[in-house]
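Quick note: the coordinates plus some simple rules give every number you see, no bench work behind them. This structure is a prediction, so every number in the text was calculated from the model and none was measured. When we count neighbours, we look across all protein chains shown, and the Cβ atoms used for this are built from the backbone with ideal geometry, even at glycine.
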Amino acid sequence: MSPAGDEAGAQRQKERAEVDFAATEAVVGIDVGSTEIKVLVADRAGVVLSLRRTPTQWHRTADGHSELPAGLLLERVLSAMTDAVQVAERSAGALRVVSAAITGMAESGVLLDRGGEPMHPVIAWFDQRGGAELAALPADLAGEFSAHTGLPLSPLCSFAKLGWLVGRGLPPQRAGTWLNVPEFVAHALGGRPVTEPSLASRTGLLDQATERPWGPALEHLGLPAAVLPPLTTAGTPIGTVGHPGVPDAVRGAVLTVAGHDHPVASVASGVWHGEHLFDSCGTSEALLRVASAPLRHEQRRRLTAQGVAQGLHVLPGRRLLLGGTRGGLLLDQVLALLGRKDQPARAELDRDWLARGPEPGSVRITGAHARSEHVDVRLGGDDATPLDVWSAALAHAMAETDAVIALMAAEAGPHEHVTAAGGWTRMGSFRAVKERSLPAVRYARIDQPSAYGAAIFAARAAAHGDGDTALSAVDIARRFTEHTLDPIGAEL
C-alpha cells in the first residue's frame, strides 16, 4: 500500500474511533461461492446478526462456457453486504464492523495488468476450457505437474484456464498479479494483494515442496514468478475497507482473506486438530483430511492419479488432502426415482428404514460411480421395495466414500478424529450407515459454515489489528462455536 493509502486508512480509523461506542461491534464473513454469494454479520462473540445471499449468476457464453466480469462479481458482493448490514442494524441497532474476511471458490480468479485492471472475466472453476492446452503440454511438464503442485492435471485448476487465455491472445507480458476470487474481492475492497496458501494450492502454480511459485508452470505460460503475491496466512490483516460502495458501518474495517471455502468450513465445524478427517455430506461429498506432515513427490503423484489433491491448509503449519465422491448426487437421484424427493416422503422413508434396518437383499445399483463426473442410476431387482433400494443406495455411496478415505490413509496414515456435517447427516438412515464405516464420527450442525468460518477469520484479523497477535483462528473458533456446534461437536 502506498504512503497515501496508509494515510487514508489512518484517517478512516480515526473517524471510526469517534463513532458512538455504544454501537455493537461486528465482524463480516463473505463467502463468494459458485452458486451463491453469502454475507454473514456476527457480533464479536460469534452470535449471528444477519445472513444475506445473492446468486452468483455466471454468464453463459455462446460456446457454452461460464464466466463473469470481475467488476460485476464485485457489485454482487457489495449488494449482498449492504443488505446484510442493513438487516443487522435493524436487529442490533447501531453497528460498527471491525473486520471483514472473504472466503470462497478456488481455481477461479483474475489476472490484473500492471495498472491493477482485470485482463479478462472470471472463469468458473467448473468450466472445462483448457483441456486442449493441457493435452498439448510438453511431456516433461505434464509428467511433473501433479508431483509438484499436488493437483490432478485437469481443466479445473487455474493453470489450465490461464493456458486457455494465453492461447486466445491474452498478453502475459502485460500481467502484473494473479488473484484468486476471495483475494480479488479483498483487494478491490481496499486490501493489499496477497496470496493465501490454501487458495494458491488450487492454482497449479505453487510448488508444494518449496511453498514457492513453481517455475516450469509460470515459464510455460510466459508469466513471471512475481505474478503470485507473497503467501499470507488466512486471518492476517491486509488493509482496511475503503471502497466507496460499502455501507458506512463497514468503512475502515480491517480486511483479511479467509481462504478456500472447504477448509474454512471445516474450521467452523470444529475441525482444528492434525490428522483430522472432515466429511462434508452434500451433493458432492467432500472429504478433507488434515495432515501434519508434508507428502513426498511420489505420494502426491499417486494420490492425484486417483483424484485426490494435496495442498496447504488455512491453518498455519498444516496440510490437507482433498477428495470426494458424487455420493450425495447418487442418493438424491435415488430418492427421485422412488418418488421420495419432497421432505415429508423423505422423512417417512427415513423413519421406516430406521424401524427395519438395512436389508438390501439382492438389489444392486449399477451404472453409478459416485466419483464419476456424471451419475446415471439404474436399479436391478424387479421385486425390490423402496427400503431395499434405499439400503442399496446408502451402501453404494458409503463404499465410495470408504475407498477415498482408504486412499488418503495409505499415504498420510490413519485419521485420529472425524467430523461430519452437511444436509445428509440430518437423515437417521444416513448416519446409521455412516457410523458403521466411521464408528467415532461426530456431527457438526451449523448453517452456512463457509460464511461463518470467514467471520471467525475476520475476528482473528480484528484481534491482531488490536495488537492481540497471540490469538489464533482456533482460539476464536472455540469461542464462536459455543453458539453453533452440538455438544458432541464442540470438543474432541
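What ³J(HN,Hα) values, in whole Hz, does the Karplus curve 6.51 cos²θ - 1.76 cosθ + 1.60 give for the stretch 195-200 when θ = phi - 60°, with x put for Gly and Pro?
Per-residue couplings from phi come out as 10, 7, x, 5, 6, 4 Hz.
Considering just Cα atoms, how many Å³ per residue does the convex hull of the stretch 241-353 enclose?
Dividing the Cα hull volume of the stretch 241-353 by its residues yields 207 Å³.
Loop by DSSP (not H, G, I, E, B), at most 15 other beta-carbon atoms within 10 Å: where is the longest site-free stretch of the chain for chymotrypsin sites (Phe, Trp or Tyr not before Pro)?
127-492
Taking the Cα centre of the stretch 271-443 as the origin, how large is its charge dipole in debye, to the nearest 20, when only Lys and Arg (+1) and Asp and Glu (-1) carry charge on their Cβ atoms?
580 debye
For the stretch 271-443, report the % of Cα-Cα distances exceeding 20 Å.
Value for the stretch 271-443 (Cα pairs over 20 Å): 53 percent.
Of the DSSP beta bridges with both residues in the chain, give the percent that are antiparallel, rounding to the nearest 5.
Rounded to the nearest five, the antiparallel share is 65 percent.
I need two numbers for the stretch 167-300: Rg to one decimal and Dmax as a whole number, Cα atoms only, in Å.
Taking only Cα atoms of the stretch 167-300, I get Rg and Dmax of 17.1, 52 Å.
What's the longest bit of the chain with no exposed trypsin sites (Lys or Arg not before Pro), using DSSP loop states and at most 11 other Cβ atoms within 10 Å as the test?
169-492
About its Cα centre, how strong a charge dipole does the chain have in debye, to the nearest 20, once Lys and Arg get +1 and Asp and Glu get -1 at the Cβ?
That gives the chain a dipole magnitude of about 80 debye.
Could you tell me the largest-minus-smallest coordinate of the C-alpha atoms of the stretch 92-179 on each of the three principal axes, in descending order and whole angstroms?
61, 29, 21
Would you mind giving the average projected area, over all directions, of the Cα convex hull of the stretch 13-144 in nm² with one decimal?
Its Cα hull, projected and averaged over all orientations, spans 11.9 nm².
Ordered by residue, what ³J(HN,Hα) values in Hz, to whole numbers, does the stretch 470-476 give under the Karplus form 6.51 cos²θ - 1.76 cosθ + 1.60, where θ = phi - 60° and Gly and Pro are x?
Per-residue couplings from phi come out as 7, 7, 9, 4, 5, 4, 5 Hz.
Seen from all sides and averaged, what is the projected area of the convex hull of the Cα atoms in the chain, in nm²?
Dividing the Cα hull surface by four gives the mean projection, 23.6 nm².
Under the rule of at least 5 residues apart or a separate chain, name every residue whose amide H is placed under 5 Å from the amide H of Arg364.
The list, which skips near neighbours in sequence, is Gly380.
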